[in-house]
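Colleague: Just passing along the structure, written as structure tokens.
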2 protein chains.
Amino acid sequence: MDTFVVPQAGAGLDAFFNAQGIAIIGASDDITKIGGRPIHFLLKYGYKGQIYPVNPRGGEIQGLPAYASISELPAAPDMAIIAVPAAAAVKAMLECAAIGVRGVVVLSSGFAEAGPDGAVLQAELVSIARRHGMRLLGPNCLGTISVAQGVIGSFSIILEQSMPPAGHVGIVSQSGNIGSFAVQNIARRGLGISHFIATGNEADIDVADGIAALAEDAQTRLILCCMETCRDADRLTRALDLACKKNKPVVVLKIGSTEQGQAAAASHTGALAGSDAVIDAVFRRYGALRVNAIEELLDVAHAAALLLPAGLPKGNRITLLAASGGFGIMMADATVKAGLALTELAPQTKEKILQILPLAGTNNPVDATAQVSARPDVLQGTLAALMEDTHTDVTQIFLSLSLYNTRLRGVYMKALKDIRYRYPDRLLVVTSQGPADAVREINDLGIPVFPGIDATARGLAALVRMGQLSALPESTSYRGLVEALDSDAFRNEYTAKEALAAAGITVPREAVVTSADAAAAQATLTGFPVVLKIVSQDIAHKTEIGGVLLNLADEVAVRSAYEQIMQAAAKHAPEARLDGVLVSPMLSGGNELIMGVSRDPVFGPVVMVGSGGIYAEILQDVAVQAAPVSEKEALAMIRSLKLFPLLDGARGRKKADVLAAAQALTRLSEFACRHAADVAEIDMNPVLVRPEGEGIVVLDALLIPRRADSTSE
Amino acid sequence: MDTFVVPQAGAGLDAFFNAQGIAIIGASDDITKIGGRPIHFLLKYGYKGQIYPVNPRGGEIQGLPAYASISELPAAPDMAIIAVPAAAAVKAMLECAAIGVRGVVVLSSGFAEAGPDGAVLQAELVSIARRHGMRLLGPNCLGTISVAQGVIGSFSIILEQSMPPAGHVGIVSQSGNIGSFAVQNIARRGLGISHFIATGNEADIDVADGIAALAEDAQTRLILCCMETCRDADRLTRALDLACKKNKPVVVLKIGSTEQGQAAAASHTGALAGSDAVIDAVFRRYGALRVNAIEELLDVAHAAALLLPAGLPKGNRITLLAASGGFGIMMADATVKAGLALTELAPQTKEKILQILPLAGTNNPVDATAQVSARPDVLQGTLAALMEDTHTDVTQIFLSLSLYNTRLRGVYMKALKDIRYRYPDRLLVVTSQGPADAVREINDLGIPVFPGIDATARGLAALVRMGQLSALPESTSYRGLVEALDSDAFRNEYTAKEALAAAGITVPREAVVTSADAAAAQATLTGFPVVLKIVSQDIAHKTEIGGVLLNLADEVAVRSAYEQIMQAAAKHAPEARLDGVLVSPMLSGGNELIMGVSRDPVFGPVVMVGSGGIYAEILQDVAVQAAPVSEKEALAMIRSLKLFPLLDGARGRKKADVLAAAQALTRLSEFACRHAADVAEIDMNPVLVRPEGEGIVVLDALLIPRRADSTSE
């Protein structure tokens, strides 16, 4: 068993980003081979450091002196690329370790993805890396590109055409193909790249490493991340936390968001995938923006990269300007559907616009009418009026096909340049199709140009969310004690409620009795009406066997109910071990929620809240988050429910005590962390949420222990 | 008052589509003016017919002999373009009529959109057209282009670059800008256009005319329609019905789908807009595919235009093929989110693929692994296996960036050509970025190439929906008698229920009483328990004033309740005219729905069904359709509710009698049509839907009459 410590996320990745020398093990003259392509690209794009081709043949490779073995290298390169077959990789790795290489990229496949034998080889690579303090990228990966440094440890197809432009977007992707696609398209939109890291099998370096390293990297301002699976929750959350603190926005394309996608992911990587809903919630917690499609990733990156210098939008108020009423309507539809707000212009803005354009519509969208094409100089004045309007956060202007008209293009460019110069801090985006050079010219002013109305709305909505998410997270991980839970807590409803009550969660005042007399006495103590429920570790569905009787109004009814329940249990569950009958107050008046805890294979205890009754299931009306959750997070979870308006005073109802519900959820999440070693699942269903100020009460509860064979998980 | 008949939708549009001669009134030498541009374009793109420039100056215009007035033309052209200011247009229109012009395009603005004076001029144009049997396009429109015929009656910016290619896509758009944008982008995707019609102010020719004319047009196979407002429901539904019958798919981009968009539309066109939800339902009824964004319109048109020759998909089963696991997962996510199905491959297909690609993943998505790039000849065999698999309707292949690699491109093209030749009837789409000429080469094989994964899924989902919608609608418009409704029906809950009962809708057996004794007697007749409710035309919210008492178990309770209700009414509504107290059976056991009728300004009576209680409002859980609705449509409306699972036996509940609910909805819709002259609104809330076979019963009902001043609507 390896006892070496796993390096901190991001540590040592400068060996790749700033490699001062690069060895290629398995170097080839054939520039279509993975041993030939990196050398070809390093030469083609003018890498400034030393390139050391290694091949037993020696001689010369692609015009460079080749070395027969690694041990013959005149100096230790920072980085080595291993392009030999899997079977030979372990020896190469050992030799790299011997001369002090700091980072190794294993491009070759044939490791864990190929079966058990490959997995053994892969474990061997990791063991060598750990023993010698090296970092390992891959195996079975597309490697790494650091643009400004000219460092290439990759055979990506995108390098065949050209090196991507240098810039501020850092990209880390588990899949090399997806990462390449993103790099290619980011470059095509005229944006620059800092580093590209493709992690492949993630034997050592994973996506979290990439995020952390990019968060620390001075060139990188925006981090794009494509991931399939997360294997280590702590590592990922620490990296996201670092990116937060370094103020580097993270945009995540996490694939496998549907069941079918997850099934495909599982068969593809063989990795145990955590629940998509949980990872989604964790991204939200750390202000990372989750996107669902690669097009959305590109739109968001595009907008963010260009707008970041002027800052993210302060709010979600968009003002739309179009020369065509029809397009104005479409823009309004798209803006509202994306969750953005169309606010009214300030009265003085309307006046200013009407002075320039007497026939303009000064509602939002502003309809500048065809005058803006006939006399395009008015655009400048109209935009200036909007830039000075403090009722808006972003102004969007639609130019349709106008940039194809040379005369119009000239005047529009002049107006946009002027506006950018006069109002450098105001956010302006253009939606237009036009010749590529016109689009680039506007982009170069720091004004993003989107090709479509929907793309613009998506991009802006994402930036607004980013702005809203930028506050640092309140809770990260459980810092309290981990304690054993008395196994009696798992025994029945009563003991489960006792354990939860000890954690500060309100349960009814109730007792288990074993005779009709005791039931009547307890009911008198409780106050009528009461509920009687059978208590047995062997009866999961109490109602179905007739084990629950509601609304019992007096002692006579209670005595009779006791006998009735005992008879029902004897009839329908003759083998069940009975602990007695629970006497509870009959509570009503309020709304029902369900709360619970389950165990995610990656993130551990996960807390859930959902609408009561059957609605959580029918409407999929639930919210989840990795435990523990702060009260603020718990409140946000409850407020996100589709049926939240029921708790919030819809149609003249009394407002429910959602604050108390949030506190209960927080306490439940802390309870789940404290007893994570023992508890597999918790079910509090229903939780009665009473009117404001009156708190909550858990009407039924169930604790399920982790099985002995899963405690080592 | 004009008594001429409005022409049937689509009649006479051949004057534009096939114009044998074209006059331009207000012709100009300046090719940037709207009187100069059409002549310039007609000459540039080689129009074969006669061009007659008309200008009082006479002489020569753009090298053609000009005529000083229309009366001097040597022959009557089919079509005239009016490009003179609004004030001069009426005279020009009269002169066109005098020489027998059949179709007039008025490009000029300054009509209804500019105010009351312009509206008068516009009405004059319409009157002339009607009197002389001419058709009028515009005014304030971008005109018309018929590509194969070289007919141009437009000044659209898109003609500055080139004439769009001729083909099978017909486009009709209220907005000239949106239409131009669509034409430009359809052309950019390598698809051909038959006709483009921009209807502008729609004084005569409207979008319905365009749909009908394109439905009859032999060149057109697919109709794209961009509309802002519908003013004439019958005209639109008849055009959609015609397109159905001619088997021409219609794709509609109806803008103004949000409240804000509708507000922008109203201020833009000044037209009274019908409810977006109703028009949405009407499109669905006629199998027209509604899209919500111009990008989606283009994606759908693209897929449809290329796939139509092979037919629409027979079902929604998609098989995905990717060379990268990561992209496979993304494709799976996008496919499932678009509502398509990933089915399992047939066992023999899996075998065939594994023979070619031993390491392939043969789940769906099929992971062809990097082998497909290393040895791309295997693509052909793999695709052939999928083409022969009868478990799939469409095969989607992802080529990522491979087409940029010359070697791979060659082999892929060969494989695709071979597959297209061998399996001409199987549906295959490619998702790829690549050089434009490679994309065109694949498109030319009849294989649509989509640039993105989401775009592919959207396009395919739309085609599948088109295939499903293609059945002819059952109900079109109300063909029964229109009858007056006794005004007594509007008096109170009891009379409203009586009127609905006469229409075949089940209501409780109940009676209005005016004494405690009568209440007790009636309750005995009804059977206990009963409900008592105050009956008054002046008390809308019975419960709030204490006018409803439930669950009355015996005569004593009923007597006392009667007195209590009368006292509450005297106290809280002393002025109200009381009709008495309604004695109803206390019914429960079942699910609640709400049903109703409202009046759309364009579509007339509209029927609605929603979830019961507060849920319709909180979840916006309602479905609407223009009345009347067939039972099949009514059933589909009920099944579309988010809370339908409650009626459908979720979690072991009894199934509700949804068939009876559908029948009630159909009867309600017919009732609303029969009494459309008198009824403004109907509210049946709640409707108790009992278990299967036990029917429904309307527990409360309200009829609201149309006000006298609105009956001319």
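The values are calculated or read from the model by the stated rules, or taken from the named source; none is laboratory data. The structure displayed is predicted, hence computed values, not measured ones. Ideal geometry is used to build each Cβ from the backbone, glycine not excepted, and the neighbour counts take in all protein chains shown. SASA here: full protein model, heavy atoms, side chains in, ligands and nucleic acids out. Shrake-Rupley method; radii C 1.70, N 1.55, O 1.52, S 1.80 Å.
Colleague: Hey, does the range B:4-17 have a residue that's over 34 Å from the mean Cα position of the chain (by Cα) and assigned to a loop (DSSP other than H, G, I, E, B)? Steps first, please.
Modeller: In the first step, residues of the range B:4-17 are kept if they are over 34 Å from the mean Cα position of the chain (by Cα); the result is none.
No, because not a single residue in the range B:4-17 is over 34 Å from the mean Cα position of the chain (by Cα) and assigned to a loop (DSSP other than H, G, I, E, B).
Colleague: Looking at the range A:159-175, which of its residues are away from chain B (no Cβ under 13 Å) and either free of Cβ contacts under 8 Å to residues at least 12 places away in the same chain or in contact with a Phe, Trp or Tyr (Cβ under 6 Å, 6 or more places away or on another chain) (or both)?
Modeller: Listed by number, the residues that qualify are A:M163, A:I171.
Colleague: Among B:A148, B:A75, B:A98, which is in contact (Cβ under 8 Å) with a residue 60 or more places away in the chain and assigned by TED's automatic domain parsing to the domain that holds B:L214?
Modeller: Being in contact (Cβ under 8 Å) with a residue 60 or more places away in the chain and assigned by TED's automatic domain parsing to the domain that holds B:L214 holds for just one of B:A148, B:A75, B:A98, which is B:A148.
Colleague: Only one residue in B:R231, B:R290 is outside any loop (DSSP other than H, G, I, E, B) and either of a type in the set (A, V, I, L, M) or open to solvent by 10 Å² or more (accessible area, probe 1.4 Å) (or both). Which one? Before the answer, list the steps.
Modeller: Details: B:R231 fails: outside any loop (DSSP other than H, G, I, E, B).
Selected residue: B:R290, the only one of B:R231, B:R290 that is outside any loop (DSSP other than H, G, I, E, B) and either of a type in the set (A, V, I, L, M) or open to solvent by 10 Å² or more (accessible area, probe 1.4 Å) (or both).
Colleague: Here are some residues: B:P574, B:P585. Which one is without any contact (Cβ under 8 Å) to a residue 24 or more places away in the chain and not aliphatic (A, V, I, L, M)?
Modeller: Values: B:P585 fails: without any contact (Cβ under 8 Å) to a residue 24 or more places away in the chain.
That would be B:P574, the only listed residue that is without any contact (Cβ under 8 Å) to a residue 24 or more places away in the chain and not aliphatic (A, V, I, L, M).
Colleague: So how many residues does the range A:407-451 have that are in a loop (DSSP other than H, G, I, E, B) and surrounded by fewer than 21 Cβ atoms within 10 Å (Cβ to Cβ)?
Modeller: Result for the range A:407-451: 11.
Colleague: Report yes if B:G110 is open to solvent by less than 10 Å² (accessible area, probe 1.4 Å), modelled with pLDDT under 95 and in contact with a Gly (Cβ under 6 Å, 6 or more places away or on another chain), otherwise no.
Modeller: Answer is no for this residue.
Colleague: Take the residues of the range A:259-268 that are within 7 Å of chain B (Cβ to nearest Cβ) and open to solvent by 10 Å² or more (accessible area, probe 1.4 Å): which is modelled with the lowest pLDDT?
Modeller: Looking at the filtered set, the residue picked out is A:H268.
Colleague: Inside the range A:192-212, can you point out the residues that are within 23 Å of A:L298 (Cβ to Cβ), open to solvent by 10 Å² or more (accessible area, probe 1.4 Å) and away from chain B (no Cβ under 14 Å)?
Modeller: The one that is within 23 Å of A:L298 (Cβ to Cβ), open to solvent by 10 Å² or more (accessible area, probe 1.4 Å) and away from chain B (no Cβ under 14 Å): A:G192.
Colleague: Now a separate question. Counting only residues that are at pLDDT 95 or above, under 20 Å from the mean Cα position of the chain (by Cα) and within 11 Å of another protein chain (Cβ to nearest Cβ), how many does the range B:616-667 have?
Modeller: So the answer is 1.
Colleague: Residue check: is B:V507 buried (at least 20 other Cβ atoms within 10 Å of the Cβ), at pLDDT 85 or above, more than 14 Å from B:L703 (Cβ to Cβ) and away from chain A (no Cβ under 14 Å)?
Modeller: Details: buried (at least 20 other Cβ atoms within 10 Å of the Cβ): yes; at pLDDT 85 or above: yes; more than 14 Å from B:L703 (Cβ to Cβ): no; away from chain A (no Cβ under 14 Å): yes.
Judged against the criteria, B:V507 is not a match.
Colleague: When you scan the range B:306-313, do you find a residue that is facing chain A (nearest Cβ under 10 Å), part of a loop (DSSP other than H, G, I, E, B) and open to solvent by 10 Å² or more (accessible area, probe 1.4 Å), even just one? Give the derivation first.
Modeller: Pass one, the range B:306-313, residues facing chain A (nearest Cβ under 10 Å): none.
Checked the range B:306-313: no residue is facing chain A (nearest Cβ under 10 Å), part of a loop (DSSP other than H, G, I, E, B) and open to solvent by 10 Å² or more (accessible area, probe 1.4 Å).
Colleague: Give me the residue from the range A:236-258 that is open to solvent by 20 Å² or more (accessible area, probe 1.4 Å) and either within 14 Å of chain B (Cβ to nearest Cβ) or under 19 Å from A:L298 (Cβ atoms) (or both) and, out of that set, modelled with the lowest pLDDT.
Modeller: So the residue we want is A:S257.
Colleague: Turning to a different aspect of this structure: For the range A:327-371, name all the residues that are open to solvent by less than 50 Å² (accessible area, probe 1.4 Å), among the charged types (D, E, K, R) and under 33 Å from the mean Cα position of the chain (by Cα).
Modeller: Answer for the range A:327-371, where residues must be open to solvent by less than 50 Å² (accessible area, probe 1.4 Å), among the charged types (D, E, K, R) and under 33 Å from the mean Cα position of the chain (by Cα): just A:D333.
Colleague: Do we have A:I178 as away from chain B (no Cβ under 11 Å), at negative phi, touching a residue at least 12 places away in the same chain (Cβ under 8 Å) and crowded, with 24+ Cβ neighbours inside 10 Å here?
Modeller: Considered against the rule, which asks whether it is away from chain B (no Cβ under 11 Å), at negative phi, touching a residue at least 12 places away in the same chain (Cβ under 8 Å) and crowded, with 24+ Cβ neighbours inside 10 Å, A:I178 comes out as no.
Colleague: Regarding B:A455, is this residue of a type in the set (G, A, S), open to solvent by 30 Å² or more (accessible area, probe 1.4 Å) and within 14 Å of chain A (Cβ to nearest Cβ)?
Modeller: It is false that B:A455 is of a type in the set (G, A, S), open to solvent by 30 Å² or more (accessible area, probe 1.4 Å) and within 14 Å of chain A (Cβ to nearest Cβ).
Colleague: Of all residues in the range A:214-227, how many are touching a residue at least 40 places away in the same chain (Cβ under 8 Å) and either open to solvent by 10 Å² or more (accessible area, probe 1.4 Å) or not assigned by TED's automatic domain parsing to the domain that holds A:I178 (or both)?
Modeller: 4
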